[in-house]
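These notes are about the structure you will find just below.
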Amino acid sequence: MIGLLTLLGLLTGVLINLLADSLPTVRRIERPACAQCGRPRRLWAWSGLLAYLSGTSRCTNCGQRLSIRHPLVEVGTALVFALLGLQEVPTLTRVANLIYAAVFILVLVTDLEHRLILHGVMLPAIALALGAAFVDPQFKHPAFGLLGGAIGLGAALSLYWLGILFTKIMSRARGRPINEVAFGFGDVTLITFIGLIVGVPGIIFALIIGILCGGVGSMLYLIVSGLIRRKYSAFTAIPYGPFLILGGVLLRYFGTALMTWYFAP
């Protein structure tokens, strides 16, 4: 079982890389190609891991090496799938967990590389999570998942509108527009998705974890870029997706243990 899930994880990692390469730029799935010259990669080089192991990670046309992200995503996804296979959960919950993990990994890659959380990824994921709320044994009643999604959507929209208001106020105060957004609509869809898969009260804890970790990340960025590298730029947008994903992962996969610890007398 673990071996099959590991293999499934490797194949899913190949798919994630394919989506992460094509969706942010052309908004459709395209054949794997060299990022430099666009020459299609050889069939066995569709897998970054196989390309690196076989010594064919360089483009035959321009010599550009395939990004190290490709084998890392494939190996990382395989490891995540194997670890999820060790959980003692109902089959439907395990299937949902694997799909949700793939979504999280894809969003993590696109947000870190392009600062994009794509609607083409999140809207189908939200639709899937909506349907899964009615059959996932992790929820005692579908209302837990649906209410979690509603709370997530409401909280995320509030942050989104506050971010727009803050940007407008600061643009007027500085006398020139600020092109960066404090909180993008992709973050709204991500939080809604997280709310649907962790339910209540999990979404509250997931948001707290994400916001706190985002604050710590912003502080570290300020220290590294401002005090050490001397390259700090005010109003530079920092991807919030990874921090929100951290909260979602902790509450989806370890929520029972966290709740037991938190509410323990």
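A short reminder: the numbers here are calculations on the coordinates, not readings from a lab. Bear in mind that the values here come from a model prediction, so they are computed numbers and not experimental data. Cβ sites come from the backbone with ideal geometry, for glycine too, and all protein chains shown count toward neighbours.
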Q. Longest span of the chain, sites excluded, free of trypsin sites (Lys or Arg not before Pro) in DSSP loop with at most 15 other C-beta atoms within 10 Å?
A. 43-139
Q.
5 Å is the cut-off here: which amide hydrogens, built 1.01 Å from N in the peptide plane, fall below it relative to A33, excluding neighbours closer than 5 in sequence?
A. R41
Q | Label point distance in nm, T60-L18, each placed 7 Å from Cα along Cα→Cβ | A | 2.0
Q | Over the stretch 96-265, relative contact order from alpha-carbon pairs under 8 Å, at least 6 apart, % | A | 27
**Q.** Cα-Cα P(r), the stretch 1-89, percent of pairs per 5 Å interval
**A.** 3, 16, 22, 23, 16, 10, 6, 3, 1, 0
**Q.** Among F254, F81, F134, residue whose mean-square fluctuation peaks in a GNM of the chain (springs only between Cα atoms under 10 Å)
**A.** F254
Q | Length added when fully stretched, V135-A150, from 0.36 nm per residue minus Cα-Cα | A | 3.6 nm
Q: Multiply the residue separation of L220 and L123 by 0.36 nm, subtract the distance between their alpha-carbon atoms, and state the gained length in nm to one decimal.
A: 31.7 nm
Q: Express in nm, to one decimal, how much length is gained between L72 and E30 on full extension, taking 0.36 nm for each residue of separation and deducting their alpha carbon distance.
A: 13.0 nm
Q. Taking a temperature of 37 °C and a viscosity of 0.692 mPa s, what whole-number D in µm²/s does Stokes-Einstein yield for the chain with Rh from Kirkwood over alpha carbon pairs?
A. 164
Q) Around R58, which amide H atoms from residues at least 5 apart in sequence, or from another chain, sit under 5 Å from its own amide H, with H modelled in the peptide plane? A) L66
Q) What is the distance, in nm, between label points placed 7 Å from the Cα along the Cα-to-Cβ direction at R172 and at A257? A) 5.0
**Q.** Interatomic Cα distance distribution for the stretch 78-227, bins of 5 angstrom, percent
**A.** 2, 9, 14, 18, 20, 15, 9, 6, 4, 2, 1, 0
Q | Percent RCO, i.e. relative contact order, over the stretch 37-165, from Cα pairs under 8 Å lying at least 6 residues apart | A | 14
